[in-house]
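The values are calculated or read from the model by the stated rules, or taken from the named source; none is laboratory data. Only a predicted model underlies this, so the values are computations on that prediction, with no experimental measurement involved. Cβ: placed from backbone, ideal geometry, glycine included. Neighbour counts: every protein chain shown.
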Amino acid sequence: MVQTIVFKDLLDILIRMNGAFVFYNAHGAMELRGADFYMSPSTHWLTVYHTDASSPESRSHVHLKWRTLESASIVEEEGQTPHLAFFTTTQPVDEPQFVWYFPDFYDWGNNKAEIPSNIAQYENFVQQYGNRLQFVDPDIGEKR
């Protein structure tokens, strides 16, 4: 079943989980990790910054355009940490260009030992929000 949520509200939840933003294109990928993010919304953008930066623009950050993404789906692959793939359509099509990786399930430096607290955090997210999300307008709470 598809759950509805305001994109900004979802970002607030994900930021507190301390995972990673990854952007893909034909030329490569860019990853933004940290446990110190905060979000600054404006009329057209949601910007995620590091809290410990001397000024917001002085460290890596990401500007996300409001209302361009329509949905997100959890992708699970055996032996890997799940991720949330974002799409510009209500149904997943093609490869996502924007992905959120949940906190690592495995400690790769410790013979791939599982990290139970991260697994539990992910399971709680799925229990509360499901594995398919559709974004709604923050102003009127209806599907866009």
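Okay, residues lined up against (1) under 23 Å from residue 48 (Cβ atoms); (2) modelled with pLDDT of 90 or more; (3) in contact with a helix residue (DSSP H, G or I) (Cβ under 7 Å, 6 or more places away or on another chain):
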{"position": "76", "(1), (2), (3)": "no, yes, no"}
{"position": "81", "(1), (2), (3)": "yes, yes, no"}
{"position": "84", "(1), (2), (3)": "yes, yes, no"}
{"position": "87", "(1), (2), (3)": "yes, yes, no"}
{"position": "93", "(1), (2), (3)": "no, no, no"}
{"position": "102", "(1), (2), (3)": "yes, yes, yes"}
{"position": "105", "(1), (2), (3)": "yes, yes, yes"}
{"position": "109", "(1), (2), (3)": "no, yes, no"}
{"position": "112", "(1), (2), (3)": "no, yes, no"}
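Table: residues versus (1) surrounded by 12 or more Cβ atoms within 10 Å (Cβ to Cβ); (2) over 14 Å from the mean Cα position of the chain (by Cα); (3) in contact (Cβ under 8 Å) with a residue 24 or more places away in the chain.
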position: 84; (1), (2), (3): yes, no, yes
position: 91; (1), (2), (3): no, yes, no
position: 110; (1), (2), (3): no, yes, no
position: 119; (1), (2), (3): yes, yes, no
position: 137; (1), (2), (3): yes, yes, yes
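Looking at (1) free of Cβ contacts under 8 Å to residues at least 24 places away in the same chain; (2) buried (at least 18 other Cβ atoms within 10 Å of the Cβ), find the lone condition where residue 104 falls short.
Tallying (1) free of Cβ contacts under 8 Å to residues at least 24 places away in the same chain; (2) buried (at least 18 other Cβ atoms within 10 Å of the Cβ), residue 104 fails exactly one: (2).
Quick one: would you say residue 36 is of a type in the set (D, E, K, R), surrounded by 11 or more Cβ atoms within 10 Å (Cβ to Cβ), within 15 Å of the chain's Cα centre (by Cα) and more than 27 Å from residue 130 (Cβ to Cβ)?
yes
Out of the residues in the stretch 1-33 that are in a loop (DSSP other than H, G, I, E, B) and touching a residue at least 24 places away in the same chain (Cβ under 8 Å), state the one that is surrounded by the most Cβ atoms within 10 Å (Cβ to Cβ).
Across the stretch 1-33, the extreme among qualifying residues is 19.
Looking at the stretch 44-73 only, could you name the residues that are of a type in the set (A, V, I, L, M, F, W, C) and either more than 16 Å from residue 23 (Cα to Cα) or touching a His at 6+ places or on another chain (Cβ under 7 Å) (or both)?
45, 48, 53, 66
Looking only at residues that are at pLDDT below 95 and among the aliphatic types (A, V, I, L, M) in the stretch 114-144, which one is farthest from residue 77 (Cα to Cα)?
Filtering first and then ranking leaves 140.
Report whether or not residue 72 is of a type in the set (A, V, I, L, M) and either surrounded by fewer than 13 Cβ atoms within 10 Å (Cβ to Cβ) or in contact (Cβ under 8 Å) with a residue 12 or more places away in the chain (or both).
Yes.
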